[in-house]
Ligand code: AMP
Ligand code: MG
């Protein structure tokens, strides 16, 4: 009897250890649906701590929440005693601004707001207004030091281009610290993975069709271990006026939505914050400048889709990317 009991106990423990059923949680935060899927015995605890960092970052970084730290910075022009998260995300955004020749500029907020993208009341602003708002857009004038941050007059921050990637990194760290070896975070279509799948096989991440985002994906990326896959696409937020489409990714040099033939950019790499900042910036820079910059960034690969359906894949991603066969897409040579 005793032997049978220990045998049963051993079987139960074994099943618990090797359980391939993940724990899953879906939450609404950062203006989107976020789902966390984690495997193994540490999954529950990992999900708890991932959710709490997501909620913390959501309340710090929101540009519209009057209680947020970013809202306070935007109202006052200067804020001391910033949280470590705000300091490190702003620092990362400034580095990426430098790296992308100002394509990523977190002082773009007044322009984004004038187009109505923050609250969804869209309209094409008067060109004079765009012109005058652009005078205050310049990330290089932000002073960030131990005393806090100071913005030039009229400047306001928008961390929307990098917040989800930074949050994915922080949530993935929380899962790892809780002992989770295998997990997948989906932040409104931006994917971050922890480790490999529990059976050791690759994660397969679908890439949205920018012409039909609710439909079947046009491609799949296979990921071996921890990584981020982050997409910026005009289809994610846009409006139409007088037969023309205007989207939420604004070229800081013109004040108008980026218009260079790209319709979506997907970036993969280790850091979600870098992938997120890069995906937005490369979308603005256009295909050729994007490829040139990527060439100098080992570990970061991209998939660039143009409005005629041509798909450029950087060399390091070629072997792990495949088209699903959906009509309208063709791979173009990168060499
Ligand atoms: P993403 O979806 O990551 O490409 O980020 C797009 C969001 O970033 C927009 O909704 C704006 O809030 C913000 N944004 C738009 N243009 C820029 C820009 N040039 N630099 C920084 N942030 C931007
Ligand atoms: Mg981005």
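No other residue among 160, 97 is under 23 Å from residue 282 (Cα atoms) and either at pLDDT below 95 or not in a helix (DSSP H, G or I) (or both) apart from 160. In the set 67, 48, only one residue is within 24 Å of residue 117 (Cα to Cα) and either in contact (Cβ under 8 Å) with a residue 40 or more places away in the chain or away from ligand 1 (no atom under 16 Å from the Cβ) (or both); that residue is 67.
Scanning the range 128-149 for residues that are touching a residue at least 60 places away in the same chain (Cβ under 8 Å) and out of contact with any helix residue (DSSP H, G or I) (no Cβ under 9 Å at 6 or more places or on another chain), we see that the one that is nearest to ligand 1 (Cβ to nearest atom) is 131. Among the residues making up the range 269-304, those that are within 13 Å of ligand 2 (Cβ to nearest atom) and part of a strand (DSSP E or B) are 269, 302. Residue 332 falls short on exactly one of the conditions (1) without any contact (Cβ under 8 Å) to a residue 40 or more places away in the chain; (2) within 21 Å of the chain's Cα centre (by Cα); (3) surrounded by fewer than 17 Cβ atoms within 10 Å (Cβ to Cβ), and that condition is (2). Here residue 221 fulfils each of the conditions (1) surrounded by fewer than 22 Cβ atoms within 10 Å (Cβ to Cβ); (2) outside any helix (DSSP H, G or I) apart from (1).
A quick yes/no check of all residues on (1) modelled with pLDDT under 95; (2) surrounded by fewer than 21 Cβ atoms within 10 Å (Cβ to Cβ):
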position	(1), (2)
114	no, yes
131	no, yes
138	no, yes
145	yes, yes
182	no, no
193	no, no
201	yes, yes
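Please find, within the range 226-250, the residue that is farthest from ligand 2 (Cβ to nearest atom) out of those that are assigned to a loop (DSSP other than H, G, I, E, B) and within 23 Å of residue 313 (Cα to Cα). Only one residue tops the list, namely 226. Within the option set 169, 105, 153, being assigned to a loop (DSSP other than H, G, I, E, B), within 18 Å of the chain's Cα centre (by Cα) and either surrounded by fewer than 23 Cβ atoms within 10 Å (Cβ to Cβ) or modelled with pLDDT of 95 or more (or both) holds for one residue only, 105. Of the residues making up the range 14-25, at least one is part of a loop (DSSP other than H, G, I, E, B) and either touching a strand residue (DSSP E or B) at 6+ places or on another chain (Cβ under 7 Å) or within 16 Å of ligand 1 (Cβ to nearest atom) (or both).
Of all residues in the range 234-248, those satisfying the criterion of being in contact (Cβ under 8 Å) with a residue 60 or more places away in the chain and either touching a strand residue (DSSP E or B) at 6+ places or on another chain (Cβ under 7 Å) or within 9 Å of ligand 1 (Cβ to nearest atom) (or both) are 237, 239, 246, 248.
The values are calculated or read from the model by the stated rules, or taken from the named source; none is laboratory data. These numbers were taken from a predicted model, which means no experiment stands behind them. Every residue, glycine as well, gets a Cβ built from its backbone with ideal geometry; the counts of neighbours run over all protein chains shown.
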